[in-house]
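These notes concern the structure reproduced below.
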Amino acid sequence: MIRQEEISIVIDAQQETFLKQEPGFLRDALPHIPIADSFASIITGIRRCGKSTLLLQLLRRDYQEAIYLNFDDIRLSGFEDTDLPRLHREIERRGINILFFDEIQIVTGWEKYINQLLREGYKIFITGSNASMLSTELGTHLTGRHLSMELFPFSYSEFIRFKSLDNGEEAVMTYLKNGGIPEYVKTGIPLILNTLVDDILMKDIAVRHAVRDINSLRQLAAFLITNIGNLVSASKLVGMFDIKSPNTFLEYFSFLKDAYLIDFVPIFNHSLKVQVRNPKKIYVMDMGLYTENAISLSDNTGRRLENLVFLHLRQRYQHIFYYKDRGECDFIAMERNSVKEAIQVCLSINDENFNREYNGLLEAMQHLGLKEGYIITLNQRDKFETEDRTIHMLPAHEYLMR
């Protein structure tokens, strides 16, 4: 139980810190924050991707004042649903109807309280670092009363603007190494990304889901981060990291995905059963996380480039698949049940790999009825036309700015 006076002290302290921040580099996501009367605006994303800064930019742009409260604060560690009425009295006392709540899903029953606030005419913005808990709980108690968006670390285009880099091969190589976590981009301190992974594993997964075998979870996370672009199957991992059940692996996969650390791309097939049965490709949600946390002796630049193209697609499309039949194609991007793009990624096209990359992409295009496809390389450009189909070979720096 936390007294109203204590809640007031925490709000004041957090508010002072929040408002002292520089709004900094304007994010591309700012104009796309979904805002509507009687709807809660939900912003989810990996820890430290800039959600609080985005809220500050929104405050400075649209509102005179707001109450900001981050529930992931040691001073609120004892906050329970029975404390919500005291929080409500404090909000009423301040007479401000714009509310910014960070990590409120920590509090049991929070979604019912948000519903109450919406009925009372408050405008509410919620940020959180777990996709599933927000969406699941909102779907239960706030159906039709919330608008959601995801925030990612700096995209490639944001990164080169922030760093004042010329768009080109050198900038792509820099981004492949550094990624887009704002604090790391600013400072280059590796510990920031090491600590970030630890925070995700402990706070967003172990504590939230009562995972007891922390060591196995850490080993699995390191393994997956190291193996970007490779296929993974829960059944084939059984016995590794002292995990003896495929269901445990599947649970951990789900936790890592919901926390925005790792993502998994299924095979393209109209049957969900086929998608579930087949291995999934692994990608990390920021390139800097790979640089600072992978256990690898090689630069793995080809896999990094593939991961980078995945992140570009992930920010733009609802569904991403890989294609595999006689040939293979790295990415099939879909939006609203319509296939939009087929993309092959290869660091460098040469005589040894051209037929494999070209034919795999062409097969996917023919199967999906696409007229155009793309081979993304580090620095090569070309164009291939066959019958009524066109394949564009583009340097990554051009594709990523489309």
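Between Glu251 and Ala210, the modelled label-to-label distance comes to 1.0 nm, taking each label 7 Å out from Cα in the direction of the beta carbon.
Every helix of 4 or more DSSP H residues in the chain counts as -39500 (n - 2.57), and over all residues that averages to -12500 deg cm²/dmol at 222 nm.
A Gaussian network model of the chain, with springs between Cα atoms under 10 Å, assigns the largest mean-square fluctuation among Val107, Val274, Val265 to Val274.
If both residues of a DSSP beta bridge must be in segment 349-402, then about 45% of such bridges are antiparallel. Here the accessible area is traced with a 1.4 Å probe on the protein chains. For the chain, carbon and sulfur cover 48 percent of it. For segment 156-400, relative contact order (Cα pairs under 8 Å, six or more residues apart, normalised by length) works out to 16 percent. In this structure, the pairs whose alpha-carbon distance is over 19 Å, taken from Lys257/Lys324; Lys163/Lys186; Lys244/Lys281; Lys51/Lys123; Lys281/Lys324; Lys203/Lys236, are Lys257/Lys324; Lys244/Lys281; Lys203/Lys236.
Loop-resident GluC sites (Glu not before Pro) (DSSP state other than H, G, I, E or B) in segment 337-402 with no more than 13 further Cβ atoms inside 10 Å of their Cβ: Glu352, Glu387. Based on protein heavy atoms only, the chain ends up with 46 Å² per residue of surface accessible to a 1.4 Å probe. Among the GluC sites (Glu not before Pro) within segment 1-94, those in coil by DSSP and having at most 13 neighbouring Cβ atoms inside 10 Å are Glu65, Glu80.
With the convex hull drawn around the C-alpha atoms of segment 130-283, the volume per residue stands at 161 Å³. Computed from the C-beta positions of Glu183 and Glu335 and an R0 of 22 Å, the FRET efficiency is 0.10 to the nearest 0.05.
When the alpha carbon gyration tensor of segment 44-162 is reduced to an equivalent ellipsoid, the three semi-axes, largest first, read 25, 17, 15 Å. In segment 293-380, the ratio of gyration radius to Kirkwood radius, Rg to Rh, stands at 0.99 when only Cα atoms are counted. Spin-label pair Glu65-Phe354: with each label point 7 Å from Cα along the Cα-Cβ axis, the two points sit 6.8 nm from one another. Just to compare against my own numbers: the Cα pair-distance distribution for the chain, 20 Å bins, whole % per bin, please. Once binned at 20 Å, the Cα pair distances of the chain give 25, 54, 19, 1.
The values are calculated or read from the model by the stated rules, or taken from the named source; none is laboratory data. Model, not experiment: these values are computed from the prediction. All Cβ positions, even for glycine, are placed from backbone atoms using ideal geometry, and neighbour counts span all protein chains on display. Heads up: the accessible areas ignore ligands, DNA and RNA and are worked out on the full protein's heavy atoms, side chains in. Shrake-Rupley method; radii C 1.70, N 1.55, O 1.52, S 1.80 Å.
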